[in-house]
Amino acid sequence: MKRVIKLVSLAGCGLLVVILAVLLTIPFFLDAQKYKPLIEKHLAKATRRPFQVGNDLRMSLFPSTMLSFSALQVGNPPEFKEENFITVKNFEARLKLFPFLFSRFKDIQIRRFILNGPQIALIKNADGQSNWKGISKSPDEASVASNITGKTSWQDSSSAALPFSDLAVDRFSITDGSILWIDHRKEVRYEISNLNMDLKDVSLVRPVRIALSATAAGQPLTVRGNVGPLGTAPGQATVPINLSITALQQLKMDIEGHMKDPVDKLRFDLSVKSSSFSVPKLADKMGQPFAMTPSDKTAFNRVAFSARLRGNLQRLAVTDGVLDIDETTINFSVKIDDFSKPDISFDCSVDQIDLNRYLPAKWYQKGSPSKSETTQKSNHKAPARRKTAYDILRQIALKGSIRTGKVRVSQVMIYNFEATASGKNGILHLAPVTLKFYGGDIAASGSVNFRKKIPNSHLRISASNVQLGPLLQDIWQKDLLEGTVNAQVMLRGTGDTAKRIGKTLNGSGEFRVNRGAIIGIDLVGMVRNIDGSYGFSKTGTQRPRTRFTKFQVPFSITRGVFYSNQTYLESDLVRVKAAGKADLVKEILDIRVDPAFAEISKAQASEIVVPVLISGSFGEPKFRPDVEGIVKKNLGKKIIESSKFKKIFKKEKYKPFEDTAKGLLKQLLEE
């Protein structure tokens, strides 16, 4: 028995020596250069691109299977002016031979996989053609294969089992790589250069450690972390992910979670969290101008976000979202179904925000432009208005709500704002909309129709118990009115800019103010004396007031002009009726106020009650007595009631002409 074992051992050793001798001598008889033209021909046919490899193509089988080459080039189709699609400076791969042979080609153990200087150029030409299309099968071949099998090639490959049971790579390295994107139609060019990647402990059953660095937009990019294990069926198993990304020396982001079936039917569940970063500095690092011009130069300097992302290639759900912008915290969630025709639902809550920090300073600063500025604007030709595409708004379905705690716009404060939005088939509805506003409540509802080229809007507003004094003080920094206002307003307009909507604005409504005062005006004094002081008095501790018990303004709006012919103010001393208009676009006033004393005493009966004309702008109204109106109204009365007039028409010969004379006098004064 021992002799048999000895003979078998000797035979085995002899066979091993023979195998080693063959493996050592084969490379001397196998000339890889001899087969290089044939390899290039077959690879050019497979890729449908010009293919070329350098003259140092080498292969060996022992002590490890090795393949190396340099100067690999995959060209572009003739319709692209750039010569190469893919280039590689050097490549080397070494496979452990014995585990591969003894496992019947199921155990793949790679010592080295090194790719040096790979460059990939992804190009779209001026006709919109891309250089990566048709890299493998032609469309006809793919169609034939799909008709035969009923599946596309990627479905076949993803669902098929791997031809090996284990994979291990000691060293996987990519050095000095680059990816170039060129779009000649849009004239844009992006490049990722200095791409280096090391993968350690590459295996199907252990997490793969990743270390990647590159330069993007001239700034460093690094990725560190673990991916996997990939499982014995890569592309179909659940793959854990734990990565940390640092970009542009500003942004650091952590990604943790997993992907399922990443090749066949991708599903993912990821948590994303960023550190605090500055958006203006980030844009500067990218070489792009910051799109906004906020009045506060420190705005957007502290931004951070976190969220959980779940979905697949057809839908996305964002939950537990938190966006911090300076002192503002926004909690949000978004769900999108069917990316081809999105069905979007959302929820957003803002604790507090001062919009003045983020809006341009010109938007809310006081004062009107100087004459020179106005002249410059009028002489300067305005740029052509860019057309806005509403195709996306016509296609999406939308439903969600927004809530805010405290919002500041200019000097105006808004509390507890809540709005619910829903939209479908190009019509967006806002209902209900509620907020707390200067001690009162505002409720609104409205809609915007995007079906036509220019959207049209409808809005209904109801206000109750809003304190006018603080509101007007914050808007215009002036004390104009006191009291609580209740209002009903209905508006409609067409346009997508404030100016255009203003010109097409139509509507109606009514304002009612109870038990208030007009501050800075002694209306009783103004209507008594032509030589009195008209307008608002200067600020001070003893400013005149006209108190009233009722002030109501029914109105209509036509093409941006506000009309009110039945404005009525009632106080203990006077009753005032007003009629006129206000151009909401040009902000110009044209109003006539007709007063009357509530109770006429003997002294007041002899006084002239003077109508008041209001003109000027919203910010600086002007008041003056209507002298012409007074003359027309009172002169005829004085003449007719004078003793001379009565004496003339007491005579019998003139008495029949008295009524005619009164009519002519009245007509003359009215003209």
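The values are calculated or read from the model by the stated rules, or taken from the named source; none is laboratory data. Note that the structure is a prediction, hence the values are computed from the model and not measured. Ideal geometry is used to build each Cβ from the backbone, glycine not excepted, and the neighbour counts take in all protein chains shown. For the accessible areas, the whole protein counts, side chains as well, though only heavy atoms, and no ligand, DNA or RNA atoms are used. Shrake-Rupley method; radii C 1.70, N 1.55, O 1.52, S 1.80 Å.
Just to be sure before I move on: is Arg189 open to solvent by 80 Å² or more (accessible area, probe 1.4 Å), modelled with pLDDT of 85 or more and in a strand (DSSP E or B) in the structure I sent?
Spelling it out, Arg189 is indeed open to solvent by 80 Å² or more (accessible area, probe 1.4 Å), modelled with pLDDT of 85 or more and in a strand (DSSP E or B).
To keep it simple, each residue is scored yes or no on (1) open to solvent by 40 Å² or more (accessible area, probe 1.4 Å); (2) farther than 22 Å from Ser464 by Cβ; (3) touching an Asp or Glu at 6+ places or on another chain (Cβ under 6 Å); (4) among the polar types (S, T, N, Q).
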site	(1), (2), (3), (4)
Ile396	no, yes, no, no
Lys406	yes, no, no, no
Tyr415	yes, no, no, no
Thr420	yes, no, no, yes
Gly426	no, yes, no, no
Lys436	yes, no, no, no
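Just need a number here: residues in region 307-318 that are of a type in the set (Val, Ile, Thr) and either surrounded by fewer than 13 Cβ atoms within 10 Å (Cβ to Cβ) or over 19 Å from the mean Cα position of the chain (by Cα) (or both).
Total meeting the criteria: 0.
Scan region 265-273 and tell me whether some residue there is assigned to a loop (DSSP other than H, G, I, E, B) and either modelled with pLDDT of 95 or more or touching a helix residue (DSSP H, G or I) at 6+ places or on another chain (Cβ under 6 Å) (or both).
Scanning region 265-273 turns up no residue that is assigned to a loop (DSSP other than H, G, I, E, B) and either modelled with pLDDT of 95 or more or touching a helix residue (DSSP H, G or I) at 6+ places or on another chain (Cβ under 6 Å) (or both).
Being more than 17 Å from Lys124 (Cα to Cα), part of a loop (DSSP other than H, G, I, E, B) and open to solvent by less than 50 Å² (accessible area, probe 1.4 Å) is the filter here, so list the residues in region 55-83 that pass it.
Of everything in region 55-83, those that are more than 17 Å from Lys124 (Cα to Cα), part of a loop (DSSP other than H, G, I, E, B) and open to solvent by less than 50 Å² (accessible area, probe 1.4 Å) turn out to be Leu57, Ser64.
Within region 464-518, take every residue that is on the phi > 0 side of the Ramachandran plot and part of a loop (DSSP other than H, G, I, E, B) and give me the one that is most open to solvent (accessible area, probe 1.4 Å).
Out of the qualifying residues, it is Gln477.
So in region 321-373, with the set limited to residues that are modelled with pLDDT under 85 and assigned to a helix (DSSP H, G or I), which one is least open to solvent (accessible area, probe 1.4 Å)?
Among those that are modelled with pLDDT under 85 and assigned to a helix (DSSP H, G or I), it is Ala361.
So Asp183 passes all but one of these: (1) open to solvent by less than 40 Å² (accessible area, probe 1.4 Å); (2) within 18 Å of Val88 (Cβ to Cβ); (3) among the acidic types (Asp, Glu). Which condition number does it fail?
Failing condition for Asp183: (2).
Quickly run through region 411-452 and pick out the residues that are out of contact with any Lys or Arg (no Cβ under 8 Å at 6 or more places or on another chain), part of a strand (DSSP E or B) and among the charged types (D, E, K, R).
Answer for region 411-452, where residues must be out of contact with any Lys or Arg (no Cβ under 8 Å at 6 or more places or on another chain), part of a strand (DSSP E or B) and among the charged types (D, E, K, R): Lys424, Lys436, Asp441.
Taking the residues in region 215-248 that are over 30 Å from the mean Cα position of the chain (by Cα) and not in a loop (DSSP other than H, G, I, E, B) as candidates, determine which candidate is surrounded by the most Cβ atoms within 10 Å (Cβ to Cβ).
Here the residue is Val239.
Being surrounded by 15 or more Cβ atoms within 10 Å (Cβ to Cβ) and in contact with a Ser or Thr (Cβ under 9 Å, 6 or more places away or on another chain) is the filter; apply it to region 197-213 and report the residue that is modelled with the lowest pLDDT.
Selected residue: Leu204.
Table: residues versus (1) modelled with pLDDT under 90; (2) surrounded by 11 or more Cβ atoms within 10 Å (Cβ to Cβ); (3) of a type outside the set (Lys, Arg).
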| position | (1), (2), (3) |
| --- | --- |
| Thr375 | yes, yes, yes |
| His380 | yes, no, yes |
| Ala384 | yes, no, yes |
| Ser401 | no, yes, yes |
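Collect the residues in region 27-54 that are assigned to a loop (DSSP other than H, G, I, E, B) and at pLDDT 80 or above, keeping them in residue-number order.
Matches in region 27-54: Arg48, Arg49, Pro50, Val53, Gly54.
For Leu428, state whether it is within 30 Å of Asp337 (Cα to Cα) and touching a residue at least 24 places away in the same chain (Cβ under 8 Å).
yes
Here is a list: Ala216, Ala233. Which entry is closer than 18 Å to Gln119 by Cα, at pLDDT below 85 and not hydroxyl-bearing (Ser, Thr, Tyr)?
Criteria check complete, one pass: Ala216.
Might you check whether a residue that is modelled with pLDDT under 90 and under 16 Å from Arg592 (Cα atoms) occurs anywhere in region 543-550?
Taking every residue of region 543-550 in turn, none turns out to be modelled with pLDDT under 90 and under 16 Å from Arg592 (Cα atoms).
Tell me which residues, restricted to region 547-583, are surrounded by fewer than 18 Cβ atoms within 10 Å (Cβ to Cβ) and over 47 Å from the mean Cα position of the chain (by Cα).
If the condition is that a residue be surrounded by fewer than 18 Cβ atoms within 10 Å (Cβ to Cβ) and over 47 Å from the mean Cα position of the chain (by Cα), then Arg547, Thr549, Glu570, Asp572, Leu573, Arg575, Lys577 are the ones that fit.
Tell me which residues, restricted to region 281-302, are surrounded by fewer than 18 Cβ atoms within 10 Å (Cβ to Cβ) and not in a loop (DSSP other than H, G, I, E, B).
Result: Lys281, Ala283, Asp284.
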